[in-house]
Amino acid sequence: MRRVRFHARLLALYFAQYAKARLAYRADFAAAALASFLGTAASFSVVLLLFSRFPHLAGWTFPEIVFLYGFSLLPYGLFSVVSSNLWEFADRYLVEGRFDRILLRPVSPLFQVLFESFRLESLQEVATGAVAIGWAVSRLPDVSPLGLALLPLWAVFGAVLYVSVFGLLTAASFWVEDRVGLAPPVFNLMSFGRYPITIYDLKVKLLLSTVIPFAFASFYPTALALRRGEYLPYFWAVPLVAVVFALLNVALWRRGIARYGSTGS
Amino acid sequence: MTALAAAARPYLAFARTSFLNILAYRARYFVGVLTYFFNATVWYYIWRALFHEKGEGATLGGFTFPQMLTYVATGWALRSFYFNEVDRDIASQVREGRLAMTLVKPVDVQAMTLSQALGESAFRLVLFTLPIGLLLVVVYPVLPPASPAALALYLLSGLLSALLVGAINFCVGLVAIRTTSILGVLRAKYLVLEVLSGLLVPVAFFPEPVRKVLVWLPFLHMNDTPGRIWLGLATGADAARALGLQAAWVVALLLLGRLLWKATARRIEVQGG
């Protein structure tokens, strides 16, 4: 418990420190946030454009589809805020030798790598998603209040799941020198979770529910709010799946670090 | 002719070097085939569901399901060819001061950048676009080009797309260096262009007012124009006009890039560092 409190406090400090530095250049941050929003808005507008023409898609109404897409932006946005260092881990930390500095400090190295810098502007994705959910809820006749209340927490579990999956892929760079770049194709799989899972074949559903369990990050978490009884068991499994992947991630990082030999640079 | 060949030689060397540079990272491209396959796949399922709602043999925005699927497949295959990171490269050169090494070379910076992009595209064509296209054709019922002429015009249009994207990215890179979050701007550019190029959804699905604006912009020529040519939705005079416009945009954006470069070069101060 004390360790959790310690890390939570440290995270708040890291975040405050980074935000301060970033917001020192206010106009520039505003430009970055605006650019980020334009990107999200462009992708979202395609979905609105396409699905607003059809009253139903594979058993889902337009507001439900907006709800799904809107929710998918919450874990994705949170993940984007913290994941920037994972992408550059092999180059920036292992090759350039920054990882040695990390190892000198008495805090979990994975924790430091994740939270040394943030992509603050991705918080707009969380806000955009929340607005979309709000709109959808105003159009939906019957939304479960408990399901809505749990959404933020489930979004955090979803983000933990994303971070863990990409953390596992990143940890591979402790072993494999020639990086083949497994992360990009997996990253693109995230977009599958933005649409109702019913549009996919069994093999895609299986992939998204097992090996790369992104359906637990962005589709199943909406089951309770949208009263989709058939997916409720998956809904309640979300925290478990997130925790299991997080533990796997931590374990793999431990083994990788034990194996780590500095480049000496 | 020999003078022309002599003038082109350094640029061929740049194209060749960039071809060889990315050859060193070829492993990434094997996995990258999957990235493109997944992107096309998600749209396969979305369109399948949408057409399913409409019933067997329905058309959406003037496309049948096989046509739409073909549009998606040829679009992503083309993107794998025309994609380049000229913007990122030029921006980081300016940022990190490496531009000095470029400036001392007796070559035209824009032409050099573009030949590097084309060298990269040549690599991508062989080791990336062809495998991606092959995989998509094997897995999904992609339609063949409407006619031999459609295939020839598609290839021409695809080449123009690569030049167009190179010209656009050169401009974007020069604009992006004025902000401190270059990568953020470039990330947004990808997402916005995926929409405006017609890669995700053909322009026929856009609301009338948006469409009216888009036809006066260069972006549709990245995907919508070649896609419609492959399907035979633009033939004869229509196709000729579309290709003419596409080529005109390439020229216009290259000129814009030159102006931006002049404005940027004047401001650049290379420090001793």
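Using a 10 Å cut-off around each Cβ, can you sort B:M222, B:M101, B:M68 from fewest to most neighbouring Cβ atoms? Walk me through the numbers before you get to the answer.
Numbers: B:M222 29, B:M101 10, B:M68 25.
Going from sparsest to densest Cβ surroundings: B:M101, B:M68, B:M222.
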Mean separation of Cα contacts under 8 Å (6+ apart) over length of chain B, as relative contact order %: 26
What is the mean number of Cβ atoms from other protein chains located within 10 Å of the Cβ atom of each residue in peptide B:21-34, rounded to a whole number? 3
Taking r as the C-beta separation of B:V215 and A:L240 and R0 as 56 Å, the FRET efficiency to the nearest 0.05 is 0.60
Calculated from DSSP H runs of 4 or more alone, at -39500 (n - 2.57) each and per residue, what is the 222 nm mean residue ellipticity of chain A, nearest 500? -22000 deg cm²/dmol
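Arranged from highest to lowest average of other beta-carbon atoms within 10 Å per residue, in what order do the peptides A:214-222, B:145-153 appear?
So the peptides A:214-222, B:145-153, ranked by packing, come out A:214-222, B:145-153.
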Relative to the first principal axis of the alpha-carbon coordinates of chain A, what is the inclination of helix A:123-139, with its axis defined by its Cα atoms, in degrees from 0 to 90 and to the nearest 10? 20
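Quick one: A:F15, B:F65, A:F71, fewest Cβ neighbours within 10 Å first, how do they rank? Walk me through the numbers before you get to the answer.
Working: A:F15 15, B:F65 20, A:F71 28.
Listing A:F15, B:F65, A:F71 from fewest to most nearby Cβ atoms yields A:F15, B:F65, A:F71.
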Please list, in order along segment A:217-234, the HN-Hα scalar couplings obtained from phi with the Karplus expression 6.51 cos²θ - 1.76 cosθ + 1.60 (θ = phi - 60°), rounded to whole Hz, x for Gly and Pro. 8, 10, 9, 4, x, 8, 4, 5, 4, 8, 6, 9, x, 5, 9, 4, x, 5
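Beta carbons within 10 angstrom, averaged per residue: use that to sort the peptides B:235-241, A:192-198, A:38-44, highest first.
Details: B:235-241: 12.6, A:192-198: 21.7, A:38-44: 19.1.
The packing order, highest mean first, is A:192-198, A:38-44, B:235-241.
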Taking the Cβ of each residue in A:D28, A:D91 as the centre, tally the other Cβ atoms inside 10 Å and list the residues starting with the fewest. A:D91, A:D28
How shielded is A:35-43 by partner chains, expressed as the average number of their Cβ atoms within 10 Å of its Cβ atoms? 6
Starting from the 7 Å offset along Cα-to-Cβ, what nm value, one decimal, do you get for the label separation of A:F15 and A:E230? 3.8
Apply the Karplus curve 6.51 cos²θ - 1.76 cosθ + 1.60, θ = phi - 60°, to the phi angles in segment B:139-151 and return the couplings in whole Hz, x for Gly and Pro. 7, 10, x, 7, 7, x, x, 4, 7, x, 5, 4, 4
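When each pair of different Cα atoms in segment B:80-145 is counted once in the 1/r mean, what is the Kirkwood radius in angstroms, to one decimal? Spell out each step's value before the answer.
Numbers: mean 1/r = 0.0711 Å⁻¹.
Here the Kirkwood hydrodynamic radius works out to 14.1 Å.
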If packing is taken as the average number of other Cβ atoms within 10 Å across a peptide's residues, how do B:247-255, A:140-148 rank, most packed first? B:247-255, A:140-148
Radius ratio Rg over Rh of chain A, counting only Cα atoms, Kirkwood formula for Rh: 0.98
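Taking beta carbons within 10 Å but only from partner chains, what does the mean come to for residues A:46-56? If you can, show how the numbers build up before the last one.
On the way: counts 9, 3, 0, 7, 8, 3, 0, 6, 5, 1, 2.
Average neighbour count from other chains, rounded to a whole number: 4.
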Do the sum for chain B: with -39,500 (n - 2.57) for every DSSP H run of n ≥ 4, divided by all residues, what is the mean residue ellipticity at 222 nm, to the nearest 500 deg cm²/dmol? -25500 deg cm²/dmol
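Given a cut-off of 32 Å, name the pairs among B:K189/B:K212; B:K105/B:K189; B:K54/B:K212; A:K20/B:K212 whose C-alpha atoms lie farther apart than that in the structure shown. Spell out each step's value before the answer.
Numbers: B:K189/B:K212 21 Å; B:K105/B:K189 30 Å; B:K54/B:K212 27 Å; A:K20/B:K212 44 Å.
Listed pairs above 32 Å: A:K20/B:K212.
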C-alpha long axis of helix B:220-231 to longest principal axis of chain B, angle in °: 40
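FYI, it's all coordinate maths here, none of it is from the lab. Everything numeric here is computed off the predicted structure, so don't read it as measured data. As a convention, Cβ positions derive from the backbone with ideal geometry for all residues, glycine included, and neighbour counts pool all protein chains shown.
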